[in-house]
Amino acid sequence: MSKILIVAEHLGGKLNSSTARCVACAAKIGGEIHVAVLSDAPDAVAAEAAQIAGVAKVITVANAANANPIAQVLAPQVAKLAAGYSHVLGPSTTFGKDLMPCVAALLGVAQVSDIMSVESSHVFKRPIYAGNAIITVEAPSAMAVVGTVRTASWPAAGNGGSAAVEAASVDAALPSHTRFVSLQQGKSDRPDLQSASKVVSGGRALGSADAFSIIYSLADKMGAAVGASRAAVDAGYVPNELQVGQTGKIIAPELYVAIGISGAIQHLTGIKDAGTIVAINKDAEAPIFEIADFGLVGDLFALVPELEKSL
Amino acid sequence: MKILVGYKRVVDYNVRIQVKPDGSGVVTEGVKLSPNPFDDIALEEALRLRDKGIATEVIVATIGPADCQPHLRNGLAMGANRAIHVVTDQAIQPLTAARAMLKLVEKEQPQIVLLGKQAIDDDANQTGQMLATLWGRPQATFASKLEVAGDKATVTREVDAGLETLEVDLPAVVTTDLRLNEPRFIKLPDIMKAKSKPLETLQLADLGVESGDHLKTSTYAPPAKRSKGVMVKDVAELVSALKAKGLV
Ligand SMILES: Cc1cc2nc3c(=O)[nH]c(=O)nc-3n(C[C@H](O)[C@H](O)[C@H](O)COP(=O)(O)OP(=O)(O)OC[C@H]3O[C@@H](n4cnc5c(N)ncnc54)[C@H](O)[C@@H]3O)c2cc1C
Ligand SMILES: Nc1ncnc2c1ncn2[C@@H]1O[C@H](COP(=O)(O)O)[C@@H](O)[C@H]1O
């Protein structure tokens, strides 16, 4: 039977929903699921993780060095904890992408990135070429599987669990060559882009940071998170953490509204798993219409305020 | 200070990738090949550090088949001082790439290794992190700003929550994100100059690298297609369609 260790992602004392998505993936693999919380003060996060249905045990590693998630500091600890597990998983968020390959390297095993489906305990599907091809890969059964879970492919496992929480001490030499300086967070009361059920995104067509306000306004009316194309981020209309796509966030909301976005492959790969896609674009030939469930051709500066008013 | 740059050749990002009908791979015959976009950014950043007088030498390295030489000449034309070609006919996986890079690191002793955050063919996003681990040195992935002062670097990283800043001791591995810089264009005279720059060839088999190609790929498939939707004529029609689905 598989024994699966999931590395919890958390920030500011709160568990990130990516962890419950990893649990859903682990449940598909089947076996005993443990969650490791590495932090300076892991208790609150551990209590949250213990409630996720399907989790059998939460292991905490309290260490002042774990106050911020520095991959080269966390990796030796995770590699030590990994002994006896058949699988070690993390989310394919920037946290997991940074950390998990270090764990794989310490264990001397290849990593399966962006697991989108589980075929069997050692066979997985993952996207390559910006999602334009899906490959089926088999990991060796004689080694631990180290993988990242493509969060957009997995709904978060629900609550209802009551796992035991156990403190562990890990005997690993931790480097001091990497030091956290700061985290500049975009502050917003809006829903979180990665877990929101509705997302409204704007592209280059908005033309300026000021004009982008009509996207925020529509999103607020809909209770939606705000996203953007790379062009909009590069032009400085919105901060980088709003970027959706191959090199931004891969998301799967129930509703995605793309406004003034052409639909480049790199953008589409980030939204392919959305439930319903709406596109508003003045160019009837824009590629975004090839994957939109509802397309509306016209000038966004007229249509967006009209849409907001009629909701 | 020496800087080593990972410079992988990949299918150009504008190519629409097609999966072969028999599922044995993707069509790469006759498609345009280009430097991985993130590696162009890595090379540009290295060249800027040399322009500022911080770096003295920039080395581009590729692990790839024999016909990668024009690709490396491209990196030399962009401005690298010299190139290293590690020849292998197989498409290697990131752990093997990282182990091979480590051999180059041991040989060249660079202060900074700049890699792309991901290769846009395998989209693995692993090699830099694995190299830093095997080397026992700091990593700063997804960099959008890099400042080097003395034996330290301050790196701003694009993370999901926003922008994180780390300070690392050198030597270190830095992987690039798109907003780090905009790569320069290559000028014609530089293409001529590149022809006489040193390009060293090594065989992967001779480096003594243990293979980390543990993953077996059985099939390639096109992604699930979204069925084509409908065009609505106005906002009212859009709103009623969304209402019917319970989305607004
Ligand atoms: C390696 C790599 C990675 C990348 N990663 C990403 C990524 O993660 N995410 C991403 O988004 N991009 C990414 N890109 C960039 C991508 O290729 C496109 O350049 C980008 O998505 C274009 O953004 P856009 O659609 O906003 O702009 P454009 O392509 O310029 O499209 C603007 C659209 O707005 C429409 N428009 C203009 N005015 C109006 C108006 N008044 N009303 C209505 N419509 C109007 C136009 O018809 C057009 O279709 C990446 C590129 C590379 C090379
Ligand atoms: N075969 C290779 N040759 C040169 N550089 C490579 C190679 N493979 C990976 N890299 C470097 O590692 C980065 C990340 O690749 P990957 O982990 O495959 O997504 C790339 O952007 C390159 O800088």
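The values are calculated or read from the model by the stated rules, or taken from the named source; none is laboratory data. This one's a predicted model, so the numbers in the text were calculated from it and none came from an experiment. Cβ sites come from the backbone with ideal geometry, for glycine too, and all protein chains shown count toward neighbours. Quick note on the areas: whole protein, heavy atoms, side chains included, nothing else; ligands and nucleic acids left out. Shrake-Rupley method; radii C 1.70, N 1.55, O 1.52, S 1.80 Å.
Rolling a 1.4 angstrom probe over region A:198-310 with all protein chains present gives an accessible area of which 51% lies on carbon and sulfur atoms.
Value of Rg to Rh for chain A, rounded to two decimals, is 1.00; Kirkwood radius and Rg both from alpha-carbon coordinates. Computed FRET efficiency, Cβ-Cβ of A:GLN185 and B:SER196, R0 45 Å: what is it to the nearest 0.05? Step by step, r from the Cβ atoms, then E = 0.35. By the helix-only formula, in which each DSSP H run with n ≥ 4 contributes -39500 (n - 2.57) and the sum is divided by residues, the protein assembly as shown has a 222 nm mean residue ellipticity of -7500 deg cm²/dmol.
Between A:ALA156 and B:ARG226, the FRET efficiency from the beta-carbon distance, with R0 = 25 Å, is close to 0.65. A viscosity of 1.567 mPa s and a temperature of 4 °C, combined with the Kirkwood radius over Cα pairs in Stokes-Einstein, give a translational diffusion coefficient for region A:67-217 of 70 µm²/s.
Normalising by residue count, chain B has a Cα convex hull of 192 Å³ per residue.
Here the Karplus curve 6.51 cos²θ - 1.76 cosθ + 1.60, taken at θ = phi - 60°, turns the phi angles of region B:50-55 into couplings of 6, 4, 7, x, 7, 9 Hz, with x standing for Gly and Pro. Note that region A:270-286 has calculated 3J(HN,Hα) couplings of x, 10, 4, 8, 5, x, 10, 10, 10, 10, 10, 7, 7, 9, 4, 8, 4 Hz, one per residue in order, obtained from phi through the Karplus relation 6.51 cos²θ - 1.76 cosθ + 1.60 (θ = phi - 60°); glycine and proline are x. For B:ASP160, the amide hydrogen comes within under 5 Å of the amide hydrogens of A:THR94, A:PHE95, counting only partners 5 or more places away or on other chains and with H modelled in the peptide plane. GNM on chain A, alpha-carbon springs under 10 angstrom: the most fluctuating residue among A:ALA49, A:ALA292, A:ALA64 is A:ALA64. When Rg and the Kirkwood Rh are both derived from Cα coordinates, the Rg/Rh ratio for the protein assembly as shown amounts to 0.96. Taking the accessible area of region B:17-155, probe 1.4 Å, and keeping the other protein chains in place, the carbon and sulfur fraction comes to 47%. Between the listed residues B:LEU163, B:PRO94, B:ASN181, the Cα displaced farthest toward the positive end of the dipole of chain B, a dipole computed from Cβ unit charges relative to the Cα centre, is found at B:ASN181. Protein heavy-atom accessible surface, 1.4 Å probe, per residue over the protein assembly as shown: 39 Å².
For chain B, a Gaussian network of Cα nodes joined below 10 Å ranks B:PRO138, B:PRO110, B:PRO222 by mean-square fluctuation, and the top entry is B:PRO222. Put simply, the amide H of B:THR201, placed in the peptide plane, has neighbours under 5 Å in B:HIS85, leaving out anything fewer than 5 places away on its chain. Applying 1/(1 + (r/R0)^6) with r as the Cβ-Cβ distance of A:SER141 and B:LEU33 and R0 = 41 angstrom yields a FRET efficiency of 0.70. Amide H contacts under 5 Å for B:THR175: B:LEU115, B:ALA140, B:THR141, B:PHE142, B:ALA143, restricted to partners 5 or more places along the chain or on a different chain, H placed in the peptide plane at 1.01 Å from N.
When only the Cβ of Lys, Arg, Asp and Glu is charged (+1, +1, -1, -1), the dipole of region B:105-232 relative to its Cα centre reaches about 700 debye. Considering all C-alpha pairs of region A:198-310, those separated by over 23 Å amount to 15%. Model label points for B:SER218 and B:GLU182, set 7 angstrom from Cα along the Cα-to-Cβ axis, are 4.7 nm apart.
Rounded to the nearest 20 debye, the dipole size of region A:61-142 about its Cα centre is 100 debye, using +1 on the Cβ of Lys and Arg and -1 on the Cβ of Asp and Glu. For the protein assembly as shown, the Cβ-based charge dipole about the Cα centre amounts to some 460 debye (Lys, Arg positive; Asp, Glu negative; other atoms uncharged). Note that region B:8-15 has calculated 3J(HN,Hα) couplings of 8, 8, 9, 5, 3, 5, 7, 6 Hz, one per residue in order, obtained from phi through the Karplus relation 6.51 cos²θ - 1.76 cosθ + 1.60 (θ = phi - 60°); glycine and proline are x.
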